[in-house]
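Okay, structure first, notes after.
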Amino acid sequence: MSVPTSKDELRSALGALRHYGQFCRNFSSIAQPLYALLKKDVHWSWTSSHTEAYKTLLDKIPEGCIVCYDIKKPLFVTSDASAQGLGYVLSHDRDQREIVWIGSRVLRPAEQSYANVEREALAIVEAVKYFHKFIAGRHFTILSDHRPLQYIFNHKPVSERISTRLQRWAVTLKQYDYSIEYQKGESMYGADMLSRLPVGDSSTSLVPRVNLLELNSLEGFVSGNSLLHRIAKARDSDLDAIKKYIVHGWPAKLRGDLLPYTKDKAEYSIQDGVVYKGIRIVPPMCLKSEILHLLHSDHPGVVRMVRLARQYFWWPSINADINSMVQRCSVCQTNARKRSGMNLASWQEPHEFMERVHVDIAHYKDKRFLVLVDAFSNWTDVLEVKDLSAKATITALRMIFKYVGLPKVVVSDSGTNLVAEETEKWLAENLIKHVRTPPGHHASNGLAERIVQEFKFYMHKMTGVGYDRAVVAFCLQHNTTPAASGSVPADFVFTKKLRTRVSAMSTERVVPFEPFPAYVRVEHRAPAPSEIVARHGENTSFDIKGRLVHDADVVPVESTAPVWDKKPGEKTIELPADNESLIPESASVPDAPRRGTRDRKQTDFYSP
């Protein structure tokens, strides 16, 4: 264990050593020089007498508190973190008087910028990995002085609101049988002392490992124009204060304008200079207007825009800012639709994807579009149809079903193309039940009618954009925006998140394209010119000096003899008519390798 370098470190070490004082005879007299150094009027000056007293305590105390591992006794893993390192103790009792094993390490530079909750969580994960051979397959209790970790590392499903780093660590701990409890920091004893005086060489553990072949690729990894880069480099007084509180702890009192940030303080983290609340970015004030314009590029309504924004960004007044922006948008207000206050009965709730789909035809100017929406996931697809014939309708449905499969029930109105005999026959052949809504009651097919309204509303706002581009943009925007239930329609169809402009700009780093990356390589010496006089093997030859050379190392010699089929600028190799006559007598051409003549026994394969 390292020697204390300040009064705070010495006070922490003596607090832990005093807890184990019963195992050291004459503890007070041995520690008297150390306690004298803690007095207010005494200047800090660590001498050889202090070193001798400190090492004497460290040598005598472990003789009584370290015990052998007992499989019948309970296990307690106590962990703690400080700004310098991590400390963890494995013991058979809650007070750490029956210690089985201890461990600690120095924090790396990147880990020192973690939030307080992340450093405490890192201490737990490192402790579990360090004591794996002792605790694997057994129930043990984790003791931590950070209360929020009780609810983060419980055995319930991992919350999506916490940072991705904590989510990854929570999944790592799922393989162990443990219970986590809160314990006051003043009762951590050994773990607290080990975290403040960690064992380890900072000169070796703090040097990051870099692959030599990637040095050139790391330069310019983050583009100066990327949104994440500008968020990290932007200066904001509120965010600077929040970053300080995340790393060093939140004070008891805050300014009035920072009070909204105090809710869910355990969710905040810092990665590459960007403040995150869970998985959402907290942007600076100077970039909020740009982010709002990015979210409103397709002119979604207030509710849809709020759902989209909550996936990637958060700030205290985000809902009010979105509502204000939509109210100021002239395009949205011009094409706003009236709302109906009628209460209608609902369809039976589906239980799986493509169990029931709703179909309708949308007429926009001189175009006709087939609109299909899944009742379970709200997945929507829109295709243009040439006419309202049954053949065109069946073709459009085939184009959709070839990606998502056949539904069980199709709901539509009594349109001519939807109730035609050819359409009914095709649905029956594919074992699809067709449900028609009553004539004149369009609200019975309200799910499809709603999408048709949104589609027309969207097309009105996207003036000046081609129909094909607007249809694709509408489907992508609708299927990647959370519905009222909070689920994203595309998540029910694909196993990964769909990539959009908003997700790319807010979660991805821009890597510049390098056609010819300059990696580290070894330059070979240029071979000497060689005149080939005889071939030997498929890729080797003999030159005029009798040397065996590879074809890759042969440098052709410019020919002076006339060659009638020679192309301009082409180089040729002179080969004499009599190859063997130019071979020196000292150069002996080896014979071809002789093949073995003995009979080889056939391999016996295992047969059960």
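In table form, for the structure just shown:
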{"quantity": "Any chance D70 is free of Cβ contacts under 8 Å to residues at least 40 places away in the same chain and either in a loop (DSSP other than H, G, I, E, B) or in contact with an Asp or Glu (Cβ under 7 Å, 6 or more places away or on another chain) (or both)", "calculated": "yes"}
{"quantity": "Single condition K365 does not satisfy, out of (1) free of Cβ contacts under 8 Å to residues at least 12 places away in the same chain; (2) buried (at least 19 other Cβ atoms within 10 Å of the Cβ)", "calculated": "(2)"}
{"quantity": "Selection within segment 353-375 - out of contact with any helix residue (DSSP H, G or I) (no Cβ under 7 Å at 6 or more places or on another chain), more than 15 Å from V435 (Cα to Cα) and part of a loop (DSSP other than H, G, I, E, B)", "calculated": "K365, D366"}
{"quantity": "Subset of segment 147-163 (residues that are in contact with a Lys or Arg (Cβ under 9 Å, 6 or more places away or on another chain) and of a type outside the set (A, V, I, L, M, F, W, C))", "calculated": "P148, H155, R161, S163"}
{"quantity": "Residue that is modelled with the lowest pLDDT, among those in segment 7-25 that are out of contact with any Phe, Trp or Tyr (no Cβ under 7 Å at 6 or more places or on another chain) and among the small types (G, A, S)", "calculated": "G15"}
{"quantity": "Residues (farther than 24 Å from F401 by Cα, hydrophobic (A, V, I, L, M, F, W, C) and within 41 Å of the chain's Cα centre (by Cα)) located in segment 431-471", "calculated": "F457, M459, M462, V465"}
{"quantity": "Matching entry among V158, V100 (being outside any loop (DSSP other than H, G, I, E, B), among the β-branched types (V, I, T) and in contact (Cβ under 8 Å) with a residue 12 or more places away in the chain)", "calculated": "V100"}
{"quantity": "Residues satisfying the stated conditions in segment 26-83, i.e. among the small types (G, A, S), within 28 Å of I180 (Cα to Cα) and at pLDDT below 80", "calculated": "G64"}
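Yes/no matrix, rows are residues, columns are (1) touching a Lys or Arg at 6+ places or on another chain (Cβ under 8 Å); (2) surrounded by 16 or more Cβ atoms within 10 Å (Cβ to Cβ); (3) over 21 Å from K184 (Cβ atoms):
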{"position": "C68", "(1), (2), (3)": "no, no, yes"}
{"position": "F76", "(1), (2), (3)": "yes, yes, no"}
{"position": "S79", "(1), (2), (3)": "no, yes, no"}
{"position": "I102", "(1), (2), (3)": "no, yes, no"}
{"position": "Q112", "(1), (2), (3)": "no, no, yes"}
{"position": "L122", "(1), (2), (3)": "no, yes, no"}
{"position": "A127", "(1), (2), (3)": "no, yes, no"}
{"position": "F131", "(1), (2), (3)": "no, yes, yes"}
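The values are calculated or read from the model by the stated rules, or taken from the named source; none is laboratory data. Note that the structure is a prediction, hence the values are computed from the model and not measured. Virtual Cβ from ideal backbone geometry, glycine too; neighbours counted across all protein chains shown.
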